[in-house]
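Engineer: I have a structure here, written as structure tokens, and I will follow up with some questions on it.
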Amino acid sequence: MGFYDQLETRSADARAADISQQLPLQIAQAKRAPAIAEILKDVDAESIRSVEDLASLPVIRKSELVSNQAEIAPFGGFAAIDVHEFEHVFQSPGPIYEPGKLGNDWWRTGRFLHAAGIGRGDIIQNCFGYHLTPAGMIFESGARAVGAAVVPAGTGQTELQVRAALDIGVTAYAGTPDYLKVILDRAETEGVKLSIRKAAVGGGALFPSLRQEYADRGIACLQCYATADLGNIAYESAAMEGLIVDEGVLVEIVTPGTGTPVALGEVGEVVVTTLNPDYPLIRFATGDLSAFMEGESPCGRTNLRIKGWMGRADQTTKIKGMFVRPEQVADLVSKNPEVEKARVVASRDGERDMMTVMLETEGASAEALADSVFSTLKLKGKIELVPVGSLPKDGKVIDDQRSYDT
């Protein structure tokens with residue numbers, strides 16, 4: 001399908017020259033957001049002209065969004081325009097409120113869908129959530145950018161998902177990596193042959209074994225790395241050699257908990273500066289671990305590549321495409337006086353994410369705590385009651401036991 005635009009094949013010098021023009025303007029725009037203006041009050045926008053220059057600026061962390069939003073609703077002073085100038089306001093677990101717009105592929109997922117071979121003539125079954133969280137609209141926006149039709153399916157109701165995919169003639173899937181298998185398995189059980197041949201996934205790890213299973217079924221599955229705050233950060237092309245950094249962001253890899261860049265190839269925390277003028281996050285720490293790869297992608301795209309998601313710099317993790325944060329686990333304990341301590345364990349059952357919530361308690365029942373677990377963590381999982389004092393005293397409240405190598 002060729003390239004999305006000429007930005008993807010710029011030389012290193014041309015890209016650096018463009019960045020040197022864009023960055024001062026973006027820093028100046030960011031200062032229109034009250035919270036960022038305070039953080040950058042002593043920074044001369046004209047002095048920031050390269051990714052290397054960004055290293056002199058403070059890192060903004062998600063916790064600052066949460067604390068600021070508690071004082072300044074809804075975006076904590078991090079938006080450069082008024083809330084009424086956005087078309088959407090979303091709520092992610094935390095809660096954290098994020099803005100969105102309908103026009104110009106605001107989250108830039110069209111570039112990823114194009115690289116995945118999706119475009120005009122395709123019908124995408126969009127199985128990302130549309131309820132409060134932004135993922136559904138993020139991918140719908142990208143689909144509009146590439147001219148594909150969308151079935152706004154959301155999550156759940158697998159039987160109806162199969163029927164819709166069959167009746168409508170869906171050719172592509174968008175959603176978390178493991179839910180496509182659920183749909184395909186149900187279709188197989190029902191003796192139904194679907195026409196899905198392309199998959200664009202995110203929101204969780206795409207394990208090699210799962211990608212191979214899709215390939216064996218004739219489906220090319222590519223992944224992207226995107227967040228509600230930043231939009232698309234990096235994406236796979238058909239070369240499937242790392243994730244190519246999106247042209248609308250600048251990425252640094254830093255020592256976790258700091259703003260100090262690591263050497264090329266070393267694992268560190270992903271820090272992103274977005275070139276979005278409406279929500280101009282500068283050096284925003286994602287909490288995710290990754291590393292830069294040497295060289296350029298064989299597909300011809302020339303931007304930097306990262307190795308993909310390699311875990312969390314903190315204990316926050318994604319389960320079934322949703323973040324679970326230490327603050328949520330602490331909130332679960334505080335809401336239930338009969339619970340002394342809690343530990344969330346992420347594991348796999350075949351190709352599906354599983355969550356086990358281990359609760360130290362003497363007098364409660366799993367049934368009585370189920371509603372509280374779901375309302376606090378936003379996910380259903382197995383509840384395991386254990387004696388008080390039996391959980392490890394290692395400070396860990398979220399234990400990700402999944403292997404990312406198989």
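The values are calculated or read from the model by the stated rules, or taken from the named source; none is laboratory data. This structure is a prediction, so every number in the text was calculated from the model and none was measured. Cβ atoms come from the backbone with ideal geometry, glycine included; neighbour counts cover every protein chain shown. Protein only, heavy atoms only, side chains kept; ligands, DNA and RNA dropped before computing areas. Shrake-Rupley method; radii C 1.70, N 1.55, O 1.52, S 1.80 Å.
Engineer: Counting only helical runs of four or more DSSP H residues, what would the 222 nm mean residue ellipticity of the chain come to if each run contributes -39,500 (n - 2.57) and the total is spread over all its residues?
Structural biologist: Calculated at 222 nm, the ellipticity per residue is -8000 deg cm²/dmol.
Engineer: Let me ask something additional. For the chain, what does the accessible surface come to per residue with a 1.4 Å probe? Please give it in Å².
Structural biologist: Numbers: 17460 Å² over 406 residues.
Solvent-accessible surface per residue comes out at 43 Å².
Engineer: Based on the mean of other Cβ atoms within 10 Å per residue, sort peptides 40-51, 189-200, 277-288 so the most packed one is first. Don't jump to the answer; show the numbers that get you there.
Structural biologist: Working: 40-51: 14.2, 189-200: 15.8, 277-288: 21.8.
Descending mean neighbour count gives 277-288, 189-200, 40-51.
Engineer: Also, I was wondering about something else. Kindly write out, for region 296-302 in residue order, the coupling ³J(HN,Hα) from the Karplus curve 6.51 cos²θ - 1.76 cosθ + 1.60 (θ = phi - 60°), rounded to whole Hz, with x marking Gly and Pro.
Structural biologist: Working through the residues one at a time gives 10, 5, x, 6, x, 6, 9 Hz.
Engineer: Take every Cα pair under 8 Å in the chain that's 6+ residues apart, average their separations, divide by the length, and report that relative contact order as a whole percent. Before the final figure, lay out each step's value.
Structural biologist: Values: 834 pairs, mean separation 54.3, N = 406.
For the chain, the relative contact order is 13 percent.
Engineer: Using amide H atoms built 1.01 Å from N in the peptide plane, name the residues 5+ places from ALA234, or on other chains, whose amide H lies under 5 Å from its own.
Structural biologist: TYR225, ASP246
Engineer: With just the Cα atoms defining each centre, how far is region 272-338 from region 6-23? Give it in Å.
Structural biologist: Taking the Cα centre of region 6-23 as reference, the centre of region 272-338 is 25 Å away.
Engineer: Pick out, in residue order, every one of the chymotrypsin sites (Phe, Trp or Tyr not before Pro) in region 3-75 that is DSSP loop and has at most 16 other C-beta atoms within 10 Å; say none if there are none.
Structural biologist: Values: sites: PHE3, TYR4, PHE75; in loops: PHE3, TYR4, PHE75.
Here the chymotrypsin sites (Phe, Trp or Tyr not before Pro) that fit, given the DSSP loop and packing criteria, are PHE3.
Engineer: What does the charge count near ARG305 come to, summing +1 for each Lys or Arg and -1 for each Asp or Glu among other residues with Cβ under 12 Å from its Cβ? Write out the running numbers ahead of the final one.
Structural biologist: Working: positive: ARG301, LYS307; negative: GLU236, GLU241, ASP246, GLU294, GLU296.
Charge balance in the 12 Å sphere: -3.
Engineer: Amide H of ILE398 versus every other amide H placed in the peptide plane: which residues, excluding those fewer than 5 positions away on the same chain, fall under 5 Å?
Structural biologist: Counting only residues 5 or more places away or on other chains, the set is VAL344.
Engineer: Leaving out ligands, DNA and RNA, and with a 1.4 Å probe, what % of the accessible surface on the chain is carbon or sulfur? Don't skip to the answer; put the middle values down first.
Structural biologist: On the way: 9120 of 17460 Å².
The nonpolar share, carbon plus sulfur, comes to 52 percent.
Engineer: If I build a Gaussian network model for the chain, linking alpha-carbon pairs within less than 10 angstrom, which residue out of ARG217, ARG312, ARG352 has the largest mean-square fluctuation?
Structural biologist: ARG217
Engineer: Under the Karplus relation 6.51 cos²θ - 1.76 cosθ + 1.60, θ = phi - 60°, what is the ordered set of whole-Hz ³J(HN,Hα) values for region 108-124, x standing for Gly and Pro?
Structural biologist: Those phi angles translate into 6, 7, x, 4, 5, 4, 4, 5, 7, x, 9, x, 4, x, 8, 10, 9 Hz.
Engineer: Right, another one. To make sure I understand the rule: partners must be lysines, Cα under 22 Å from the Cα of LYS335, and not fewer than 8 residues away in the same chain. Which ones qualify?
Structural biologist: Counting by Cα, and skipping residues close in sequence, LYS335 has these lysines nearby: LYS378, LYS380, LYS382, LYS393, LYS396.
Engineer: Give the distance, in whole Å, between the Cα centre of region 175-206 and the Cα centre of region 80-154.
Structural biologist: Between the Cα centre of region 175-206 and that of region 80-154, the gap is 20 Å.
Engineer: Tell me which aspartates and glutamates have Cα within less than 16 Å of LYS198's Cα, excluding those fewer than 8 residues away on the same chain?
Structural biologist: Within the straight-line cut-off, LYS198 pairs with ASP122, GLU140, ASP178, GLU213, ASP216, GLU236.
Engineer: Hey, another quick one. Assign one of three labels to region 234-283, namely rounded, prolate or oblate, based on the Cα gyration tensor with a ≥ b ≥ c the square roots of its eigenvalues; rounded applies when a/c is under 1.5, prolate when it is not and a/b is larger than b/c, and oblate otherwise.
Structural biologist: Working: a/c = 3.13, a/b = 1.04, b/c = 3.00.
It is oblate, given that a/c is not under 1.5 and a/b is not larger than b/c.
Engineer: Next question. Taking 0.36 nm per residue of separation and subtracting the Cα-Cα distance, what length does fully extending VAL386 through ALA238 add? Before the final figure, lay out each step's value.
Structural biologist: Values: separation 148, 0.36 × 148 = 53.28 nm, distance 4.68 nm.
Length gained, VAL386 through ALA238: 48.6 nm.
Engineer: If you plug each phi of region 237-252 into the Karplus form 6.51 cos²θ - 1.76 cosθ + 1.60 with θ = phi - 60°, what whole-Hz ³J(HN,Hα) values come out, in order, with x for Gly and Pro?
Structural biologist: 10, 4, 5, 6, 10, x, 10, 7, 5, 5, 6, x, 9, 10, 10, 10
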